[in-house]
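Data block below; observations after.
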Amino acid sequence: MRRTLVIIKPDGVNRCLIGEVIKRFEQKGLKIIGLKLERLNVYKLKDHYVHLEDKPFYQELLNYMTSIPCVLMVLEGKEAVQVVRTLVGPTNSRKADVGTIRGDYAMSIQTNIVHASENNELAEKEIKRFFKKEELIEYDKMNFGWLYCSSEKEKYSQLDIKWKSKQEEYAEKKEKIKQKGGKN
Ligand code: UDP
Ligand code: MG
């Protein structure tokens, strides 16, 4: 099983699509193990969109993403990252297939309703960026047995995201302050 991060972006919230988007993931068979409404912090977003910092639309993207709260969730399932990307569709909503979230609800390359992690490595980083360990809840769900055949049911194996200990976090912060030449 794998985990992935989904963000319902401000246009999804504004256009009253929260329920619709969550419904699609639920109906597919993905399990929600984290869910919250949050106005995103610009520093976290800068980390999140670091691959786009040289693009002309970068500032507009940050303004849009911080304009109103987003809904953030962590979804779990077999090959969850790829499955969710398929349900979401490509970045440019105008090119997205009918039946995908972007294909059905959006017209834009920017205001495209949802964010979904692109690969397993990024998913792990993104979950840690936006969720605290205690915000993710493991539980048994009755549909699990009906979703997968026996060879697919690896349940919670290889899931364990390595969270930093408080001491490691403290040491990292101290190191950053040191590098900036501040007091420690
Ligand atoms: N984006 C944009 N203009 C572009 C490409 C991307 O405004 O030409 C925004 C859009 O909201 C997109 C986000 O930047 O979802 C992240 O871009 P990425 O290429 O990672 O696309 P995604 O993984 O979201 O499909
Ligand atoms: Mg991306």
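Quick note: the coordinates plus some simple rules give every number you see, no bench work behind them. Computed from a predicted model, the values in this text were never measured in an experiment. Cβ: placed from backbone, ideal geometry, glycine included. Neighbour counts: every protein chain shown.
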Legend entry - Under 20 Å from the residue 78 label point (7 Å along Cα→beta-carbon), backbone N, the stretch 1-21: 1-5
Legend entry - Exposure proxy order (Cβ contacts within 10 Å, fewest to most) of 62, 75: 62, 75
Legend entry - Sorted by Cβ density within 10 Å, fewest first, the residues 130, 144: 144, 130
Inset, instruction - Give the long-range amide H neighbours of residue 117: residues separated by 5 or more places, or on another chain, with amide H under 5 Å away, using H modelled in the peptide plane at 1.01 Å from N. - result: 5
Inset, instruction - Pick out, from 51, 62, 167, the residue whose Cα sits farthest towards the positive end of the charge dipole of the chain, with +1 on the Cβ of Lys and Arg and -1 on the Cβ of Asp and Glu. - result: 167
Inset, instruction - Tell me the label-point distance for the pair residue 51, residue 134, using the 7 Å Cα-to-Cβ offset, in nm and rounded to one decimal. - result: 3.3
Inset, instruction - Over every pair of different alpha-carbon atoms in the stretch 60-150, take the mean of 1/r and invert it; report that Kirkwood radius in Å. - result: 15.1
Inset, instruction - Starting from the amide H of residue 2, placed 1.01 Å from N in the peptide plane, find each other amide H under 5 Å away whose residue is 5 or more places distant or on another chain. - result: 77, 78, 79, 80
Inset, instruction - For residue 35, list long-range residues whose amide hydrogen, built 1.01 Å from N in the peptide plane, is under 5 Å from its own amide hydrogen. - result: 74
Legend entry - Extension reserve of the residue 85-residue 172 stretch, reckoned as 0.36 nm per residue once the Cα distance is removed: 28.1 nm
Inset, instruction - With springs only between Cα atoms under 10 Å apart, run a GNM on the chain and tell me which of 18, 32, 137 wobbles the most. - result: 137
Inset, instruction - Would you order 142, 73 from fewest to most other beta-carbon atoms within 10 Å of each residue's own beta-carbon? - result: 142, 73
Legend entry - Integer Hz, Karplus 6.51/-1.76/1.60 couplings in order for the stretch 109-118, x for Gly and Pro: 7, 9, 7, 10, 6, 9, 9, 9, 4, 8
Legend entry - Pairs of Cα atoms farther than 22 Å apart, the stretch 2-156, %: 40
